[in-house]
Amino acid sequence: MKKPLFKVIVLIAIIAVLSLMVVTGCKQSTAETTAAAAETTAAAAETTAAAETTAAAKKLVFGNLPTAMSDEWNGYSTENFIYAAEKMGVEVQVLDAAWDGAKQLSNLEDLIIKGVDEIGVFVYTPEEAEKFAEKAKEAGIPISFENTKLLNYDFQGEYVANVACEYDSIGYTAIKWLSENYDGAKIFYVRGLPGMGIVEAYEVGVEKALAEFPNVTVAIRRDTQWDTGTAQPVVTDVIASGEEFDAVFANNESIAQGVYNALKDAGLEKDIPIIATGGGPTGVTMLENDIIKATVASPVSLQGLYLFKAMYLHATQGIMPPEKFIPLPDMPITKETLDENISWVPSDDLIDLIGGLESW
């Protein structure tokens, strides 16, 4: 009887050992499977993180091509463009042409080589803009333009958006204001530089106003380089020549400062009123100090913001602006109505004024 019992005990022991080995093997297999899954998950997480890092590294880069950052008008447009870009995490590469048309075209080629996502150009001349549009199209880079209304020049190039003042409207408003406030005025029109399409547009508005308000005339026209330094000697020469005028329309506030300097040198600064255009920081100071009597304000701050907005929505969502030409408002501002002026200094309030940056 003892041997069969012994055999049963041995069999039970063997079965127990085998069971233990099976269970242990299952646990090891499960552990290995779990470890493998964890490794796969970790690898997937690393891949996702790498993709996110790559996406962040490939953030949008916009090119901005000023005609001259030294120009207050151009400078504040660019500042507002950069301000908006920083808000939306877009890198901006600004290449200043410093009034050199050939340099601006060369700067475009530099941006094309760098492979920026979109390009904005402060127009030097409408003819140059045609070349810009053609080169950008060849490179497959969308381009937008500011400062000159290209529709006025039968522009044939392709572009996303065009933001600019209605310069003819500003010229009209300036002459109308003089007719309403200085009856019988003989106006000295101190212009900017013809050829950029700006003076030409101003002239359309000036002539329209003269036809509607015959109580004033433009007696003298002279051209400048849009700045104080060239305006002052032009006005000095006219005063010395004995040509008669009793009011001045200056194409911008830098020109107006040169006009005032020349009038002051001749002892005429209190006798001859000046109306300018712009409404920027320089103009506000000039109004406060009675250097000019009025300025036709058109906020270039909105020009820079609209330009960025159009480029950003096109680059991120493929959305074109409702209209390819985006105009700026304008209105005459005097010392008494300065609170109606729209600032040129970048701010969130200005972004709100154009309806934000994320939709039209």
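The values are calculated or read from the model by the stated rules, or taken from the named source; none is laboratory data. Values in this document were obtained by computation on a predicted structure and should not be read as measured data. Cβ atoms come from the backbone with ideal geometry, glycine included; neighbour counts cover every protein chain shown.
Worth pointing out:
- One residue alone among Gly157, Gly171, Gly120 is in the same structural domain as Asn74 (by TED's automatic domain parsing) and either within 24 Å of Ile333 (Cα to Cα) or surrounded by fewer than 22 Cβ atoms within 10 Å (Cβ to Cβ) (or both), and that residue is Gly157.
- Yes/no for Met286 being over 17 Å from Arg191 (Cα atoms), in the same structural domain as Ala85 (by TED's automatic domain parsing) and not small (Gly, Ala, Ser): no
- Flag: Val259 does not match the condition of being surrounded by fewer than 21 Cβ atoms within 10 Å (Cβ to Cβ), closer than 23 Å to Pro194 by Cβ and among the aliphatic types (A, V, I, L, M).
- For the range 302-314, the criterion of being surrounded by fewer than 24 Cβ atoms within 10 Å (Cβ to Cβ) and in contact with a Lys or Arg (Cβ under 8 Å, 6 or more places away or on another chain) is satisfied by no residue at all.
Here's the yes/no breakdown for (1) crowded, with 20+ Cβ neighbours inside 10 Å; (2) assigned to a loop (DSSP other than H, G, I, E, B):
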| position | (1), (2) |
| --- | --- |
| Leu151 | no, no |
| Trp177 | yes, no |
| Asp183 | no, yes |
| Glu203 | no, no |
| Ala211 | no, no |
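Conditions tested, residue by residue: (1) over 30 Å from Val238 (Cα atoms); (2) among the charged types (D, E, K, R).
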residue	(1), (2)
Glu118	yes, yes
Thr125	no, no
Ala129	yes, no
Phe132	yes, no
Ser144	yes, no
Tyr153	yes, no
Asp168	no, yes
Arg191	no, yes
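- Restricting the first member to the range 77-89 and to residues that are in contact (Cβ under 8 Å) with a residue 12 or more places away in the chain and within 16 Å of Val121 (Cβ to Cβ), and the second to residues that are outside any helix (DSSP H, G or I) and of a type in the set (A, V, I, L, M), the beta-carbon pairs closer than 8 Å and six or more apart or on different chains are Thr78/Met69; Thr78/Val94; Phe81/Val92; Ile82/Val92; Ile82/Val94; Ala85/Val92.
- Residues that are over 32 Å from the mean Cα position of the chain (by Cα) and aliphatic (A, V, I, L, M) were ranked within the range 185-201; the one that is surrounded by the most Cβ atoms within 10 Å (Cβ to Cβ) is Ile187.
- Matching residues, the range 213-245, being surrounded by fewer than 17 Cβ atoms within 10 Å (Cβ to Cβ) and of a type in the set (Gly, Ala, Ser): Ala219, Gly229, Ala240, Ser241, Gly242
- Matching residues, the range 70-90, being part of a helix (DSSP H, G or I) and of a type in the set (Ser, Thr, Tyr): Tyr76, Ser77, Thr78, Tyr83
- When Asn181 is tested against (1) in contact with a Leu (Cβ under 7 Å, 6 or more places away or on another chain); (2) modelled with pLDDT of 95 or more, only condition (1) is not met.
- Checking the stated criteria, Val204 turns out to be assigned by TED's automatic domain parsing to the domain that holds Thr236, of a type in the set (A, V, I, L, M, F, W, C) and at pLDDT 95 or above.
- Of the helices (runs of 4 or more DSSP H) entirely within the range 245-340, those holding at least 2 residues that are more than 27 Å from the chain's Cα centre (by Cα) and closer than 18 Å to Glu72 by Cβ occupy 253-265.
- Of all residues in the range 276-322 being touching a Gly at 6+ places or on another chain (Cβ under 8 Å) and of a type in the set (Gly, Ala, Ser), the one that is farthest from Val248 (Cα to Cα): Ser298
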